[in-house]
Structure formats: C-alpha cells, structure tokens
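The structure appears right after this line, and notes come after that.
The values are calculated or read from the model by the stated rules, or taken from the named source; none is laboratory data. Only a predicted model underlies this, so the values are computations on that prediction, with no experimental measurement involved. Neighbour counts run over all protein chains shown; Cβ positions are idealised from the backbone, glycine included.
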Amino acid sequence: MNKKIILASGSPRRKTLLEWAEVPFEVIVKPTDESYPSELAIDEVPVHIARQKALAVARELTNNKLVIAADTIVVLENEMIGKPTSREDAIQILSKLAGKTHRVITGVVLLEGTKETAFADSTTVHFHPLTQEQISFYVDKYKPYDKAGAYAIQEWIGVVGIKSVEGDFYNVMGLPVSRVLQALQAML
C-alpha cells in the first residue's frame, strides 16, 4: 500500500479493529462539530458526522493520504441515543435498553482528495432484562461514558446482557471493519 491511511478517530476500539485487520495507519483527530441538520433521517446522521470528522482532518493533509472516519449511534424505538453525559445518564440509558431490541448504526466515510466513499452499517442488538444492580455494577466498574448507548459489547455487559446480535458484531464495537476493508480496496 503506497497511500498513507489516516484514522480520524480517537476511539481505541476503532484503532484496535484496524490493527486486527493489519491495516497500516496513523491516528489524527481534529475537534469536530457533531451537530447535524434536523431534517436528516436517523440512518444518515452518523454518516454526516463521520464526513465532518473526515473533512476536518483532510483539510490539513497533503496528497496521497486517505482518511477514514466513523461515527456510531444507538437507536431505540426511533430515539437516537448518544454517549452518556454522567453516571446517572448511563444508568438511565442502560435501563431503557435492558430487555429490548435496538439498532447500532455506524456511519463511515473514506475520503481521498475529492473522492469519497460513504455508507452506514446497521446491526440489531437484543438485550436480556438487566437488574439495577447489574447496570450500576457495569457503569461503576467500566465507566462507559465515551460509548454510544453507554455500553461496549466486548465488555462484561456484552457477555452478561446481550441475548443476540443480527449483523456485524464489530459494527457494534464502532467500525464495520470488513466493509471498511472492502471500501478501502476499491479506493486503492
């Protein structure tokens, strides 16, 4: 690969997934406005935010660099759930998700100069009912404040609380890595 790949994300999970795929890259993150137009369909929101992240980094790069950016949201009954703002918010979010089915949508943008590939990947997650003790234990021990939906599937809550997953498991971690690799191959 002669192109330099830049991951425009500070997410340790996205970094790990690209490392597992043995993609050589470096991380560059720029502060990005994560607001979006109110008329956007829910499935388009993470793509819009990922594009903003990619553009913020791409503006400062020279040629021959490909930027990968992503954004993940959780959707429960048409309500978008982002990252929790506090312990209480994390507990409230997990209490809402417990015993229910939700979608995890990750928007991905690959950007090289004026060439762009963008897509959203959706995974359905079914949670077992959870007790308040389980939820409090998870929030206090794992502190999921940087995670959409207040959880990480690869942590204790995923082992104990998730009944089933329909779709890409790694999408729930924050990056549909096999789909990203296919898009990467097409752009290289």
Considering the stretch 92-115 alone, what residues qualify as being farther than 17 Å from GLY158 by Cβ and either free of Cβ contacts under 8 Å to residues at least 12 places away in the same chain or in contact with a Pro (Cβ under 9 Å, 6 or more places away or on another chain) (or both)? GLN92, ILE105, GLY107, VAL108, THR114
Could you say which residue among SER178, SER164 is at pLDDT 95 or above, out of contact with any helix residue (DSSP H, G or I) (no Cβ under 7 Å at 6 or more places or on another chain) and within 15 Å of THR101 (Cα to Cα)? SER164
Expected single match for farther than 30 Å from THR101 by Cβ and among the hydroxyl-bearing types (Ser, Thr, Tyr) among THR85, THR72, THR62 is THR62
Given (1) at negative phi; (2) loosely packed, with under 15 Cβ neighbours inside 10 Å, where does LYS143 come up short, assuming only one miss? (1)
Failed criterion for LYS3 (all others in (1) touching a strand residue (DSSP E or B) at 6+ places or on another chain (Cβ under 8 Å); (2) farther than 30 Å from HIS128 by Cα; (3) buried (at least 16 other Cβ atoms within 10 Å of the Cβ) hold): (3)
Say we look at the stretch 4-28 and pick out the residues that are in contact (Cβ under 8 Å) with a residue 40 or more places away in the chain and among the charged types (D, E, K, R); which of these is nearest to LEU188 (Cα to Cα)? LYS4
Some residue of the stretch 137-157 being more than 21 Å from GLY10 (Cβ to Cβ) and in a strand (DSSP E or B): no
Condition first: part of a helix (DSSP H, G or I) and surrounded by 15 or more Cβ atoms within 10 Å (Cβ to Cβ). Now tell me which residues in the stretch 158-168 satisfy that. GLY158, GLY161
Only one of THR72, THR62, THR16 is surrounded by fewer than 18 Cβ atoms within 10 Å (Cβ to Cβ), among the hydroxyl-bearing types (Ser, Thr, Tyr) and either touching a Cys at 6+ places or on another chain (Cβ under 8 Å) or within 22 Å of TYR170 (Cβ to Cβ) (or both); which? THR16
Pairs where the first residue, in the stretch 170-183, is small (Gly, Ala, Ser) and in a helix (DSSP H, G or I) and the second is surrounded by fewer than 18 Cβ atoms within 10 Å (Cβ to Cβ) and modelled with pLDDT of 95 or more, C-beta under 6 Å, 6+ apart: ALA183/THR117
Within the stretch 56-63, identify whether any single residue is among the charged types (D, E, K, R) and part of a loop (DSSP other than H, G, I, E, B), and answer yes or no. yes
Across the stretch 113-136, which residue is farthest from ILE73 (Cα to Cα) among those that are aliphatic (A, V, I, L, M) and in a strand (DSSP E or B)? ALA118
For the stretch 12-55 the number of residues that are more than 24 Å from PRO144 (Cα to Cα), assigned to a loop (DSSP other than H, G, I, E, B) and out of contact with any strand residue (DSSP E or B) (no Cβ under 6 Å at 6 or more places or on another chain) is 9
Given the structure, is LEU110 assigned to a strand (DSSP E or B) and more than 18 Å from GLY167 (Cα to Cα)? yes
